[in-house]
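Engineer: Dropping the structure in here first, questions after.
Quick note: the coordinates plus some simple rules give every number you see, no bench work behind them. No experiment lies behind these values; they were computed from the predicted model shown. Neighbour counts run over all protein chains shown; Cβ positions are idealised from the backbone, glycine included.
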Amino acid sequence: MLSLALNLHIANIDAASLISLLERKFAQNSKLNNAGADVFDAAGGYLPTFGIMGAVLGLIHTMSMLNDPSKIGEGIATAFVATLYGVGSANLIAYPVSKKIRARAAAEKELDRIVITAMKGIQSGKRGLSLRQLLTGGSSSPSTSPVRLAAKQAA
């Protein structure tokens, strides 16, 4: 986003068009960055169902071995392991991955919002300390900068 903003600024694109393009890119990036999280959320919802289906199929298979009681316990255990795999993969893989993707998307969204705010400030003629105060919420200290906070969250 930063390189796009600077390239548009260097190309002397008028302020309204520049901000419009950046806002459109911001919306597009926000939607794109969360798409992967939606996939893992859906997988987290479906994986336990697959585990239950595995358990049902395992129990059906176990029913075919009723004539040999020594194999029934093994069949039932295998059926319940399928349930464990489904629930475990949802809660230990799919949902945490989705949460991580959303956290990174939020950090990137914050950085993109900072770029847009900076470009609005530059277009309105702000420079140096006044631009820093605009980006940090009034503080002139770089240690409380939202840019630094977003960079720490993304890491």
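Engineer: Can you sort D112, D41, D14 so the residue with the fewest Cβ neighbours within 10 Å comes first?
Structural biologist: Arranged by neighbour count, lowest to highest, D112, D41, D14 become D14, D41, D112.
Engineer: In nanometres, what is the gap between the two model label sites at D38 and K99, each 7 Å from Cα along Cα-to-Cβ?
Structural biologist: Here the answer is 2.2 nm between the modelled labels.
Engineer: If R0 is 41 Å, what FRET efficiency do you get for A27 and L84 from their C-beta distance, rounded to 0.05?
Structural biologist: Step by step, r from the Cβ atoms, then E = 0.50.
Engineer: Kirkwood hydrodynamic radius, computed over distinct alpha-carbon pairs, for the chain: how many Å, to one decimal?
Structural biologist: Averaging 1/r across every pair of different Cα atoms and inverting gives 19.5 Å.
Engineer: Treating cross-link reach as a plain straight distance, find the lysines whose alpha-carbon is under 30 Å from the alpha-carbon of K126, omitting any fewer than eight places away in the same chain.
Structural biologist: Partners within reach: K25, K109, K152.
Engineer: Okay, next question. Once you place label points 7 Å from the Cα toward the Cβ at S64 and L92, how far apart are they in nm?
Structural biologist: For the pair S64/L92, the computed spacing is 2.9 nm.
Engineer: Just want the ordering: S30, S124, S70, from fewest to most Cβ atoms lying within 10 Å of their own Cβ.
Structural biologist: Fewest-to-most ranking of S30, S124, S70: S70, S124, S30.
Engineer: Next up: Once R0 is set to 25 Å, what does the formula 1/(1 + (r/R0)^6) return for the Cβ-Cβ distance between L131 and L6, expressed as a FRET efficiency to the nearest 0.05?
Structural biologist: The computed FRET efficiency comes out at 0.95.
Engineer: Given +1 on the Cβ of Lys and Arg, -1 on the Cβ of Asp and Glu, and no further charges, what dipole in debye does the chain carry about its Cα centre, rounded to the nearest 20?
Structural biologist: 880 debye
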